[in-house]
Amino acid sequence: MIDLLVAGGGPAGLATALHGRRAGLEVVVVERRLGSIDKACGEGLMPHAVRQLENLGVSVQGKPFRGISYLDGERRVNAEFRSEAGRGVRRVVLHAALLDAATAAGVRFVQDDVGEVTQDALSVRACGLRARYLAAADGLHSPIRRSLGLGVSSGGPRRWGIRRHVQIAPWTDYVEVRWAPGAEVYVTPVAEDCVGIAMLTSRRGGFDCHLDEFDVLKDRVHGHPHGTDLAAGPLRQNVRSRVAGRVLLVGDAAGYVDALTGEGLGIAFSAAELLVGCIVADRPGDYDRQWRRMSRRYRLLTAAVVQASGHPRLRSRIVPAAAVLPKVFAGVVNQLAE
Ligand SMILES: Cc1cc2nc3c(=O)[nH]c(=O)nc-3n(C[C@H](O)[C@H](O)[C@H](O)COP(=O)(O)OP(=O)(O)OC[C@H]3O[C@@H](n4cnc5c(N)ncnc54)[C@H](O)[C@@H]3O)c2cc1C
């Protein structure tokens, strides 16, 4: 019997596998896609996510950024990280680095769909394999979460994200978040000659339709080669519990608020470590409480910003308020960064 079966080989699954190997577990990852996997993502690693990767011994090439800027038509306000820098890293680069590290650490891979998951008091079965525990790292719309009835319907407007790369030298060492009435867009420097642009909105329409709301950005990237678009959503995924017997949810499968604050990878990496700690101690029931405590600050702050952004009058005051209260803005950004 395997110690840990990981369903899904995205960043959360691979980080879980790496922590598992570090703890001396026999780990198998089942992933249906081959090679370096791309995905709709703003590609900004907040400082705590960079730190967690370094702790795992994973080094990634990218572009450091030293803080977050909020911009509307007229204003720009910068919040610098107090600790180390964040890093913009193309998704395929991040995935390749995690994959190499997991392979070198002795993780076994099976290319397949995980399919049905069954369990008894001692083990979990999926994909013809039997394991002591299963980590469901199968993404935002986790089929395993659904099959276990762990999802809860999320109220409020449904938001979506669309990511596009543009071949242009980054013009700033901040992640720029621009606000318009119908969408937010954030630009992350990801390489010497490339920026990632992530559009977030609850309105219908493709990337170019929303880009029309951002004149300055549209003019800046005009005439430079644009990549293809990748979309994801609805972003908000509420989860009742992250544990059902011997199955534990990790990464986006464990619940997601929104991409607006660069939430995602850092929480996934922290959760991977907690999950492995709980199964090594044979106390899977502790994981849900630990996950809630670890992610609480990010979830509350992100939910508050998204909530405010949903009211047109409050929304138009977000950037002016950040400009008038730069220390408060920097404080919030650093709460999310650390
Ligand atoms: C627009 C947007 C912008 C974002 N920007 C940022 C950002 O700037 N910074 C940040 O930290 N986070 C950001 N995020 C969030 C971040 O992308 C996610 O938190 C992260 O990708 C979660 O990784 P994961 O491994 O949980 O899921 P995924 O990356 O989705 O991986 C899940 C994997 O599971 C596999 N899988 C699914 N079902 C099965 C199955 N049945 N059998 C086998 N394999 C299966 C899939 O093929 C996939 O490879 C953003 C998200 C969006 C949508």
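The values are calculated or read from the model by the stated rules, or taken from the named source; none is laboratory data. Just so you know, these numbers come straight off a predicted model, no measurement behind them. Note: ideal-geometry Cβ built from the backbone for every residue, glycine included; neighbour counts use all protein chains shown. What goes into the accessible areas is simple: the full protein's heavy atoms, side chains included, and nothing from ligands, DNA or RNA. Shrake-Rupley method; radii C 1.70, N 1.55, O 1.52, S 1.80 Å.
Some values worked out for this structure:
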{"quantity": "Hz values of 3J(HN,Hα) by residue in the range 150-161 - Karplus curve (6.51, -1.76, 1.60), Gly and Pro given as x", "calculated": "8, x, 10, 5, 9, x, x, x, 7, 10, 10, x"}
{"quantity": "Rounded tilt (10° steps) of 91-104 against the dominant C-alpha axis of the chain", "calculated": "30"}
{"quantity": "Phi to ³J(HN,Hα) by Karplus 6.51 cos²θ - 1.76 cosθ + 1.60 over the range 117-134, Hz, x for Gly, Pro", "calculated": "10, 10, 8, 10, 5, 10, 7, 10, 10, 6, 6, x, 10, 10, 9, 5, 9, 10"}
{"quantity": "Dipole magnitude (debye, nearest 20) for the range 82-239, charges at Cβ of Lys, Arg, Asp, Glu", "calculated": "580"}
{"quantity": "Among 95, 19, 224: highest mean-square fluctuation, GNM of the chain, C-alpha pairs under 10 Å", "calculated": "224"}
{"quantity": "J(HN,Hα) series, the range 12-21, from Karplus relation 6.51 cos²θ - 1.76 cosθ + 1.60, nearest Hz, glycine and proline x", "calculated": "5, x, 5, 5, 5, 4, 5, 5, x, 5"}
{"quantity": "Exposure of residue 243 as accessible area (Å², to 10), given a probe of 1.4 Å and all protein chains", "calculated": "30"}
{"quantity": "Centre separation in Å (Cα based) which lies between the range 51-118 and the range 185-230", "calculated": "20"}
{"quantity": "Solvent-accessible heavy-atom area per residue, rounded to whole Å², over the chain at 1.4 Å", "calculated": "44"}
{"quantity": "Accessible heavy-atom area order of 270, 154, 123, highest first, probe of 1.4 Å", "calculated": "154, 270, 123"}
{"quantity": "For residue 207, solvent-accessible area (1.4 Å; no DNA, RNA or ligand), Å²", "calculated": "10"}
{"quantity": "Value at 222 nm in deg cm²/dmol, rounded to 500, when DSSP H runs of n ≥ 4 in the chain each add -39,500 (n - 2.57)", "calculated": "-10000 deg cm²/dmol"}
{"quantity": "Solvent exposure ordering (accessible area, 1.4 Å, most first) of 220, 315", "calculated": "220, 315"}
{"quantity": "For the chain, built as a Gaussian network whose Cα springs stay under 10 Å, the top-fluctuating residue of 303, 259, 135", "calculated": "303"}
{"quantity": "Only Lys, Arg (+1) and Asp, Glu (-1) charged, at Cβ; the chain dipole about Cα centre in debye", "calculated": "940"}
{"quantity": "Helix 265-280 axis, angle to the chain major axis (alpha carbon atoms, nearest 10°)", "calculated": "20"}
{"quantity": "Spatially proximal lysines relative to residue 63 (Cα-Cα < 24 Å; intrachain offsets below 8 disregarded)", "calculated": "39, 218"}
{"quantity": "For the chain, built as a Gaussian network whose Cα springs stay under 10 Å, the top-fluctuating residue of 326, 225, 170", "calculated": "225"}
{"quantity": "Total charge dipole magnitude, the range 14-66, about the Cα centre, Cβ charges on Lys, Arg, Asp, Glu only, Debye to nearest 20", "calculated": "100"}
{"quantity": "Rg over Rh [alpha-carbon atoms, Kirkwood Rh] for the chain", "calculated": "0.97"}
{"quantity": "Share antiparallel - DSSP beta bridges, the chain, percent rounded to 5", "calculated": "70"}
